[in-house]
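> Here it is, the structure in full.
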Amino acid sequence: MEIVINPGYELGSVLTVHALADAMTRGGDVLLMDADVLYDERVMSALVAGRDVDRLLIDREFEPGDEPVKVCLAAGVPVEFRKQVAADVRYDTIGESVGFFRFRAATASRLAAIVASYVDGGRSRLPHEEAIRDLLLERSAVFDVADVTGSPWIEIDFPGDIARAHNEVLPSMQPIGVTR
């Protein structure tokens with residue numbers, strides 16, 4: 001395991017992913033995970049299941065609004081990945097991104113190149129989700145979409161999220177190694 005510290009973390013999440021570029025291009029699978037998510041073991045199991053796959057996680061039961069990053073799918077293929085979905089996007093499934101991704105080596109390298117182009121092009125203050133969106137929409141990799149609807153998890157962004165994590169999510173989590 002390697003710890004990479006981004007001294008410019010306050011300047012945007014694109015810079016955080018950019019700080020990881022060296023590690024992302026060495027080969028092997030890369031897990032990119034938002035750090036503000038409390039999650040059950042079943043979420044991680046869905047992320048790492050199988051071999052040789054690019055994967056993102058969705059939860060179809062989410063509160064609509066401007067905060068969740070939505071993943072729109074048409075016949076299982078991601079067609080949009082943003083907080084605000086344009087009215088002309090056609091999809092048959094929508095869910096909230098958990099913020100966890102698994103990239104094969106080639107896909108991780110491609111994401112690192114996209115992020116580098118953001119930094120070089122003066123777009124380093126954008127959220128990393130925009131670079132992931134570009135990766136998804138260019139279709140250079142086929143993404144498996146794992147549906148974790150019903151698995152306990154929460155992104156902790158606001159004070160109310162802490163209370164919800166304590167009162168709702170933690171009590172519904174299963175102990176590690178225990179199946180229900």
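> For residue 24, what accessible surface area do you get with a 1.4 Å probe? Give it in Å², rounded to 10.
Surface accessible to solvent at residue 24 totals approximately 10 Å².
> Quote the charge dipole size of region 85-166 about the Cα centre in Debye, to the nearest 20; the model charges only the Cβ of Lys and Arg (+1) and of Asp and Glu (-1).
About 280 debye.
> If you rank 11, 111 by how much accessible surface each has, with a 1.4 Å probe, what is the order from largest down?
Highest to lowest solvent-accessible surface, that is 11, 111.
> Calculate the spin-label point distance for residue 2 paired with residue 74, positioning each point 7 Å from the Cα along the beta-carbon direction, and give it in nanometres.
Going by the 7 Å Cα→Cβ label model, 3.9 nm.
> For the chain, modelled as a GNM with alpha-carbon contacts under 10 angstrom, which of 78, 64, 159 fluctuates the most?
Result: 159 has the largest fluctuation of those listed.
> Running a GNM on the chain with Cα contacts under 10 Å, which residue among 41, 80, 138 ends up with the highest mean-square fluctuation?
Result: 138 has the largest fluctuation of those listed.
> To the nearest 10 square angstrom, how much accessible area does residue 158 have with a 1.4 angstrom probe?
Residue 158 has an accessible surface of roughly 110 Å² with all protein chains in place.
> In Å², and per residue, what accessible area does region 89-165 have when probed at 1.4 Å with the other protein chains present?
46
> Continuing with the same structure: Run the quick spin-label model on residue 174 and residue 36: label points 7 Å from Cα toward the beta carbon, then report their separation in nm to one decimal.
Modelled inter-label distance: 2.9 nm.
> Just want the answer: with Cβ charges of +1 for Lys and Arg and -1 for Asp and Glu, which residue in 25, 57, 46 is farthest toward the dipole's positive end in region 1-78?
25
> Ok, one more. Taking the alpha-carbon centroid of each part, what is the distance from region 105-170 to region 21-39 in angstrom?
10
> Under a Cβ-only charge scheme (Lys and Arg +1, Asp and Glu -1), can you give me the dipole magnitude of region 59-104 about the Cα centre, in debye to the nearest 20?
That gives region 59-104 a dipole magnitude of about 320 debye.
The values are calculated or read from the model by the stated rules, or taken from the named source; none is laboratory data. As the structure is a prediction and not an experimental result, all values here were calculated from the model. All Cβ positions, even for glycine, are placed from backbone atoms using ideal geometry, and neighbour counts span all protein chains on display. Calculation scope for accessible area: heavy atoms of the full protein, side chains included, ligands and nucleic acids excluded. Shrake-Rupley method; radii C 1.70, N 1.55, O 1.52, S 1.80 Å.
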